[in-house]
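Q: A single structure is presented below for examination.
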Amino acid sequence: MRVRMPLVMVMAGLALAACGTTDPNEARPVSATSVAGTTAVQATPADRAAERIGADSDGKDVSLAVGQGLIVTLEANPTTGFGWQLGGLDQNVVKQNGSPEYEQDPNPDGKVGVGGKSVLNFVAVAPGSTTLSLAYMRAWEQGVEPAKRFTVNLTVR
């Protein structure tokens with residue numbers, strides 16, 4: 001019993017140390033800059049920076065070069081159950097690059113349910129035209145109109 005107790009104490013200490021000191025429920029916002037740096041920009045030619053667009057580009061035309069990234073940043077609040085869902089896109093022309101990231105708005109008071117921005121990354125893969133359609137909706141609600149829509153016409157040269 002004397003040998004086992006120190007071993008148990010060491011194992012318990014290691015287990016606690018491995019848990020870390022951060023709150024696992026704490027949101028870790030991802031900035032648009034870090035998202036661009038790790039995804040879309042890597043696929044961008046050196047002479048063309050990733051094209052960044054937001055809600056003000058809804059319904060507009062956007063031109064991209066093959067290999068150029070597209071970063072779409074839109075208001076979102078996942079605590080409501082809503083999220084931006086890909087509705088339409090010819091992925092032979094422009095492909096989604098990774099999963100959407102979320103950037104929480106500043107929250108100095110620690111309030112629950114603060115909104116933020118959804119950051120979606122795409123990359124132009126071949127010449128052509130396609131329409132990027134996004135819908136802000138709850139994935140589990142079938143037959144319900146989206147709360148918002150976002151559409152841009154993309155031309156890749």
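The values are calculated or read from the model by the stated rules, or taken from the named source; none is laboratory data. The structure presented is a predicted model; accordingly, all values stated were derived computationally and were not measured. Note that we place each Cβ from the backbone using ideal geometry, even for glycine, and neighbour counts take in every protein chain shown. Remember, those area values only see protein heavy atoms, side chains included, never the ligands or the DNA or RNA. Shrake-Rupley method; radii C 1.70, N 1.55, O 1.52, S 1.80 Å.
Q: Just to be sure I understand, how many residues within the stretch 92-103 are over 14 Å from Leu74 (Cβ atoms) and surrounded by 15 or more Cβ atoms within 10 Å (Cβ to Cβ)? Walk me through it before giving the result.
A: Filtering the stretch 92-103 down to residues over 14 Å from Leu74 (Cβ atoms) leaves 92-99.
Then keep just the ones that are surrounded by 15 or more Cβ atoms within 10 Å (Cβ to Cβ); that gives 93-97.
Residues in the stretch 92-103 being over 14 Å from Leu74 (Cβ atoms) and surrounded by 15 or more Cβ atoms within 10 Å (Cβ to Cβ): 5 in total.
Q: Let me ask something else about it. Looking only at the stretch 52-85, filter to residues that are among the polar types (S, T, N, Q) and part of a loop (DSSP other than H, G, I, E, B); which one of those is surrounded by the fewest Cβ atoms within 10 Å (Cβ to Cβ)? Before the answer, list the steps.
A: To start, the set of residues in the stretch 52-85 that are among the polar types (S, T, N, Q) comprises 57, 63, 68, 73, 77, 79-80, 85.
Remaining after also requiring part of a loop (DSSP other than H, G, I, E, B): 68, 77.
Values: Gln68: 24, Asn77: 18.
Out of the qualifying residues, it is Asn77.
Q: Among the residues of the stretch 34-72, write down those that are modelled with pLDDT under 60 and of a type in the set (Gly, Ala, Ser).
A: If we filter the stretch 34-72 for residues that are modelled with pLDDT under 60, which is where we start, we get 34-46.
Of everything in the stretch 34-72, those that are modelled with pLDDT under 60 and of a type in the set (Gly, Ala, Ser) turn out to be Ser34, Ala36, Gly37, Ala40, Ala43, Ala46.
Q: Could you please find all residues in the stretch 136-157 being within 22 Å of Ser99 (Cα to Cα), touching a strand residue (DSSP E or B) at 6+ places or on another chain (Cβ under 8 Å) and open to solvent by 10 Å² or more (accessible area, probe 1.4 Å)?
A: Listed by number, the residues that qualify are Tyr136, Met137, Arg138, Ala139, Pro146, Ala147, Lys148, Arg149, Thr151, Asn153.
Q: Kindly list, by first and then second residue, each pair from a residue in the stretch 51-62 that is at negative phi to a residue that is surrounded by 17 or more Cβ atoms within 10 Å (Cβ to Cβ) and not in a strand (DSSP E or B), limited to pairs with Cβ atoms under 7 Å and residues at least 6 apart or on different chains.
A: Qualifying pairs under 7 Å: Glu51/Gln68.
Q: Taking the stated definitions as given, is Leu120 open to solvent by 30 Å² or more (accessible area, probe 1.4 Å), among the hydrophobic types (A, V, I, L, M, F, W, C) and at pLDDT 95 or above? First the steps, then the outcome.
A: Numbers: open to solvent by 30 Å² or more (accessible area, probe 1.4 Å): no; among the hydrophobic types (A, V, I, L, M, F, W, C): yes; at pLDDT 95 or above: yes.
So Leu120 does not fit the description; no.
Q: Could you pull out every one of the strands (runs of 3 or more DSSP E) wholly within the stretch 86-157 that has 1 or more residues that are touching a residue at least 12 places away in the same chain (Cβ under 8 Å) and among the aliphatic types (A, V, I, L, M)? Talk me through it step by step, then tell me what you get.
A: Details: elements: 94-96, 101-104, 116-124, 128-137, 148-156.
Hits in the stretch 86-157: 94-96, 116-124, 128-137, 148-156.
Q: Taking the condition of being modelled with pLDDT of 95 or more and surrounded by fewer than 16 Cβ atoms within 10 Å (Cβ to Cβ), how many residues in the stretch 104-117 meet it?
A: Here the count works out to 0.
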